[in-house]
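Enquirer: Just dropping this structure here.
The values are calculated or read from the model by the stated rules, or taken from the named source; none is laboratory data. Since this is a predicted model, take the numbers as computed values, not measurements. Cβ placement follows ideal geometry from the backbone for every residue including glycine, while neighbour counts extend to all protein chains displayed.
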Amino acid sequence: MSTSQQAKKILIVDDEPSVVSYLEMLFCDNGYQTISAADGKEALELMRREKPDLVTLDISMPEASGTRFYKEVKTDPQLASIPVVIITAVTGYGGDPYAYQKFISHRRIVPPPEGFFPKPIQREELLEAIRKLLD
């Protein structure tokens, strides 16, 4: 990346400090800026103030859940165009790691997320998806 090119900013929304640290290191090592929030309420405030280029979102969090946060973002005309990549350990019946993706992708109120990754994170797949969304 050239010095004149502004690094893309990623908002990491997760209540687990170890996950936030891992994602911050991964994204910063790959040329992105990061900011983080521990819950949906804090994340909404940061989104409005910081205008990130992309959001990674955990689903299970205190305060405003990831699902509520996602709905608020995707129904807000000023925020709806910001891509959201869900990164979650939420599984469905029988431990299906993609059950939540199926659930959120079939909601009538909001569009499906721009990306979905079950935990544990496959780092190269995640980075490839982020690059595609931000380039």
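Enquirer: Given the residues T67, T56, which is the only one that is modelled with pLDDT under 95, buried (at least 17 other Cβ atoms within 10 Å of the Cβ) and not aromatic (F, W, Y)?
Expert: Answer to the selection: T67.
Enquirer: Mind checking which residues of the stretch 27-46 are surrounded by 20 or more Cβ atoms within 10 Å (Cβ to Cβ) and in a strand (DSSP E or B)?
Expert: Result: A37, single match.
Enquirer: Any residue in the stretch 70-90 that is under 20 Å from L134 (Cβ atoms) and crowded, with 18+ Cβ neighbours inside 10 Å sitting within a Cβ distance under 8 Å of a residue that is among the polar types (S, T, N, Q) and at pLDDT below 95? List the pairs, counting only those 6 or more apart or interchain.
Expert: Hits for this filter: I86/Q101.
Enquirer: Moving on to the next point. Just the residues that are closer than 17 Å to V55 by Cα and modelled with pLDDT of 65 or more, please, taken from the stretch 97-121.
Expert: Within the stretch 97-121, I104, V110, P111, P112, P113, E114, G115, F116, F117, P118, K119, I121 meet the criteria.
Enquirer: From the residues in the stretch 8-26 that are of a type outside the set (V, I, T) and farther than 18 Å from A89 by Cβ, which one is surrounded by the most Cβ atoms within 10 Å (Cβ to Cβ)?
Expert: Filtering first and then ranking leaves L11.
Enquirer: Name, by its number, the condition in (1) out of contact with any helix residue (DSSP H, G or I) (no Cβ under 6 Å at 6 or more places or on another chain); (2) under 19 Å from A89 (Cβ atoms) that does not hold for F69.
Expert: (1)
Enquirer: Please indicate, with yes or no, whether at least one residue in the stretch 84-95 is at pLDDT below 95, of a type outside the set (V, I, T) and part of a loop (DSSP other than H, G, I, E, B). Quick ask: steps written out before the conclusion?
Expert: Initially, the stretch 84-95 is screened for residues at pLDDT below 95, giving 86-95.
From what's left, of a type outside the set (V, I, T): 89, 92-95.
From what is left, the residues that are part of a loop (DSSP other than H, G, I, E, B) are 89, 92.
For the stretch 84-95, residues at pLDDT below 95, of a type outside the set (V, I, T) and part of a loop (DSSP other than H, G, I, E, B): present.
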